[in-house]
Amino acid sequence: AMYKKWGILPVVAFCFTYIILWMTTLTSGDLATPVCYIILLAFATLFYLIFLLPVIFILRTQCSGNMRRAMLTVVTTDSFLYLLYGNYVLEHCDTTFAKDGFIAFFIAAVNLAAYLYLRFRISGQDTLRSLMLGLAITFVSIGIPMQFDTTNLLMMWATEAVLLLWLFTREKDRIFETGAVVLSVLTLVSLLLCRLLCENLADTGHSLFFNGNFLVMLFLSISSFVFAVILQRHRALFSEDHRLISYAPCNAVAYSIGFLLLYLGIWDDFHFHLENVVADLASLLAL
């Protein structure tokens, strides 16, 4: 397929290979042992790479619009099917490593490697390059909640939103702008739900300002300030028409959220470690 540029071959082979793999796994009782599941996972990993790399190679050449869309679909579907199958197999394996998020992070690493190869070794291919980076970011975002708790998830989402915003200022690709918006909204909604449910983000500790809960709120506040600073430094870009992230009012909103989160962190810490009356007075002074 790679030598002859046969785009249809990996597309057809991909569909039937996964059909056979799933049917074999689900219907064969003889395979229901930890060793067999590990062997199946090894084959699934090979299938994932086999259908990813040749398709990327073929996509670099000239091909019809329908075939190009079909192969882009294979690249995307291949990652999601491998994640689904890999997690199903790992649930039946008696392994010692942490299984949650392992497959998702592996897929993200492969797609990131493909993106870096296309970015620095191959000219053009903007769509394919953006797809690879988008898949890497997607599977990191999928793996984080599988691997970590709510606190780490919020911190990672906030960091990722800032990173995507910075990437947008460099690459000017709307996928980064959209990702920054989505992750920012997810972070704020998750934080709001935690506060409505009266859940602490981390251990409140015994020391004022030197505890997990305050440091997490401080981290989220700083992330919001960095987001605002990036908007300010690239004001001309974010002032263009039809921008998803518009300088006004997003810059002011980001600064406001940063100050609000910082104040909430201080308010929480005062009420965790001081008497109510003293905490209320100290919170007023903090304003």
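The values are calculated or read from the model by the stated rules, or taken from the named source; none is laboratory data. In this text, all values refer to a predicted model and were calculated from it rather than measured experimentally. Here Cβ is always computed from backbone atoms with ideal geometry, including for glycine, and neighbour counts include all displayed protein chains. Surface areas here come from the heavy atoms of the whole protein model, side chains and all, with no ligands, DNA or RNA. Shrake-Rupley method; radii C 1.70, N 1.55, O 1.52, S 1.80 Å.
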Search result, residues across the stretch 211-268 that are in a helix (DSSP H, G or I), modelled with pLDDT under 90 and of a type in the set (D, E, K, R): ASP268
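Just to be sure before I move on: is THR150 modelled with pLDDT of 75 or more and of a type in the set (Val, Ile, Thr) in the structure I sent? Outline the logic, then answer.
On the way: modelled with pLDDT of 75 or more: no; of a type in the set (Val, Ile, Thr): yes.
Against the criterion (modelled with pLDDT of 75 or more and of a type in the set (Val, Ile, Thr)), THR150 does not qualify.
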Kindly check whether there is at least one residue in the stretch 245-268 that is among the hydroxyl-bearing types (Ser, Thr, Tyr), under 18 Å from GLY179 (Cβ atoms) and open to solvent by less than 60 Å² (accessible area, probe 1.4 Å). yes
Could you list, in sequence order, the residues of the stretch 90-118 that are open to solvent by 30 Å² or more (accessible area, probe 1.4 Å), over 17 Å from the mean Cα position of the chain (by Cα) and modelled with pLDDT under 80? GLU91, HIS92, ASP94, THR95, THR96, PHE97, ALA98, LYS99
Is it the case that LEU186 is in a loop (DSSP other than H, G, I, E, B), in contact with a Ser or Thr (Cβ under 9 Å, 6 or more places away or on another chain) and either surrounded by 15 or more Cβ atoms within 10 Å (Cβ to Cβ) or at pLDDT 90 or above (or both)? no
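Looking at the stretch 158-183 only, could you name the residues that are on the phi < 0 side of the Ramachandran plot and open to solvent by 30 Å² or more (accessible area, probe 1.4 Å)?
Our first condition is that a residue be on the phi < 0 side of the Ramachandran plot; within the stretch 158-183, this holds for 158-171, 173-183.
Answer for the stretch 158-183, where residues must be on the phi < 0 side of the Ramachandran plot and open to solvent by 30 Å² or more (accessible area, probe 1.4 Å): THR159, LEU163, TRP166, LEU167, ARG170, GLU171, ASP173, ARG174, ILE175, THR178, VAL181, VAL182.
For the subset of the stretch 40-89 comprising residues that are among the β-branched types (Val, Ile, Thr) and open to solvent by 70 Å² or more (accessible area, probe 1.4 Å), which member is modelled with the lowest pLDDT? Let's see the steps before the verdict.
Filtering the stretch 40-89 down to residues among the β-branched types (Val, Ile, Thr) leaves 45, 50, 55-56, 58, 61, 73-77, 89.
Okay, now just the ones that are also open to solvent by 70 Å² or more (accessible area, probe 1.4 Å), so 50, 73.
Values: ILE50: 86, THR73: 80.
That would be THR73.
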